[in-house]
Amino acid sequence: MKALIIGGAGFIGSNLVEKLINKNKEVCVIDNLSRKGTLELKKKIKFDSKYEFKNIDINNFNKLFNYFKTKNFSHIYLLAGQVAVTTSLSNPRLDFNSNALGCFNVLEAIRKARSSAKLIFSSTNKVYGKLDKLKTGLDNKSGYYLKKFKKGIDENYPVDFVTPYGCSKGVGDFYCQDYFKNFNINTVVFRQSCIYGRMQLGIEDQGWIAWFIIASLLNKNIKIYGDGNQVRDALFADDLIDAYLKAANSSKANGKVYNIGGGYKNRISINNLVSILEKKLNIKINVKYYKERKGDQKVFISNNDKAKKDFNWYPKTKFDNGLNHTIRWIVDNLDFIKKINRL
Ligand SMILES: NC(=O)c1ccc[n+]([C@@H]2O[C@H](COP(=O)([O-])OP(=O)(O)OC[C@H]3O[C@@H](n4cnc5c(N)ncnc54)[C@H](O)[C@@H]3O)[C@@H](O)[C@H]2O)c1
């Protein structure tokens, strides 16, 4: 069992690396270290001496292919990519190259190297688009809610690629499904909701839960795009890693797509998070409201039933517990975060 984690220096990747190394698995990591702070995070969590690291950009097919030829991976986790909707709008080519072409290159490298590795790909709930045809209501306390789909959105909901990020991730998502059908490569696609947890270097454009904690602790203004009643189902990173490992070991998951999120019980609105943080941190947070962002969903809740049925996965960490862990990690590492993000 040898695992390759592509994007293994990032937030989710670091959590996965940590888990696999603690289980004494053999791990290799590829990352181009383009995300600010990844080089420092990699050193900080002190696992980099325990795995083989290659600085490879997944845009570079030849490098990727030559590397795959020399290895015999059992599992490949593709977590690398351009992760912010805002950046995809300001630099759609970078976004396309990292997410669409990058995923295609990984699939092609597996195919051409005749690798038997199983690929787990992190897609996103953004492939369902803005969801503006869904009827929503507004509860003054808890934010927007879905009038139908009480258990959340499942995988049968029609995709609608909106924003370059939605398109580029959607391309990777569909290519993974197709390479299973046409080339017998075992792929699993996770359409992930909002993930939060330890080692997340949240910034204003991505990783909003971590960013709200960091900004609050540093007494910075928090910008909210829209009315702040948008609701997400937050999934603690440890639970996502548990889902990766369960899907990796389940032949039932091969060729399938799963919505993976915190689910109905872990839903949280943006305004609610501000109030919760004010109480937990005992501070007043300065919030300013701006026009809503393109493609933003009013509410997304993942229906996780398919993952429960196929590989017995469901989110175990209650939002309050996950948030406490995340706050603790950020408090303990605030100087480090300040330094890398020049805050
Ligand atoms: N964090 C979330 O809430 C969330 C939600 C849905 C989907 N996802 C997806 O999960 C994956 C991991 O997200 P994350 O939060 O850990 O992001 P992250 O930015 O912390 O990690 C991504 C890693 O990929 C690397 N990378 C970027 N482009 C690359 C390239 N071309 N070649 C090689 N390496 C490259 C970066 O340096 C970084 O270390 C991403 O694909 C993201 O789209 C994340």
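A few points about this structure:
- Global size of segment 1-110: 13.6, 41 Å for Rg and Dmax (C-alpha atoms, Rg to one decimal, Dmax whole).
- Cα-centre dipole for segment 59-183 with unit charges at Cβ (Lys and Arg positive, Asp and Glu negative), debye to 20: 220 debye
- Rg/Rg_globular for segment 218-268, with Rg_globular taken as 2.2 N^0.38 Å and Rg from C-alpha atoms: 1.63
- Shape call, segment 205-343: gyration tensor on alpha carbons, a/c limit 1.5: prolate
- Taking the Cα centre of segment 135-286 as reference, the dipole from Cβ charges on Lys and Arg (+1) and Asp and Glu (-1) amounts to some 480 debye.
- Once the Cα atoms are used to define both axes, helix 319-332 deviates from the longest principal axis of the chain by about 80 degrees.
- Of the peptides 202-208, 99-105, 246-252, the order by per-residue mean of other Cβ atoms within 10 Å, starting with the highest, comes out as 99-105, 202-208, 246-252.
- Put in line by how crowded their Cβ is, counting other Cβ atoms within 10 Å and starting with the fewest, His75, His325 read His325, His75.
- Nearest-ten-degree value, helix 163-183 long axis tilted from longest Cα axis of the chain: 30 degrees
- For segment 164-266, the alpha-carbon radius of gyration amounts to 1.30 times the rule-of-thumb value 2.2 N^0.38 Å expected for a compact globular protein.
- Ranked list, fewest to most other Cβ atoms within 10 Å of each Cβ, for Ile45, Ile283, Ile224: Ile283, Ile45, Ile224
- Hydrodynamic analysis of segment 139-207 uses the Kirkwood radius over alpha carbon pairs. Inserted into Stokes-Einstein at 4 °C and 1.567 mPa s, it gives a translational diffusion coefficient of 84 µm²/s.
- Taking segment 130-217 as the region of interest, the number of lysine pairs whose Cα atoms are within less than 22 Å, with members eight or more places apart or on different chains, is 17.
- Rg over Rh for the chain works out to 0.94, using Cα positions for both radii and the Kirkwood form for Rh.
Readers should treat all values here as calculations from the given coordinates under stated rules, not as data from a laboratory. If you're wondering where the values come from, they're calculated on a predicted model, not measured in any experiment. All Cβ positions, even for glycine, are placed from backbone atoms using ideal geometry, and neighbour counts span all protein chains on display.
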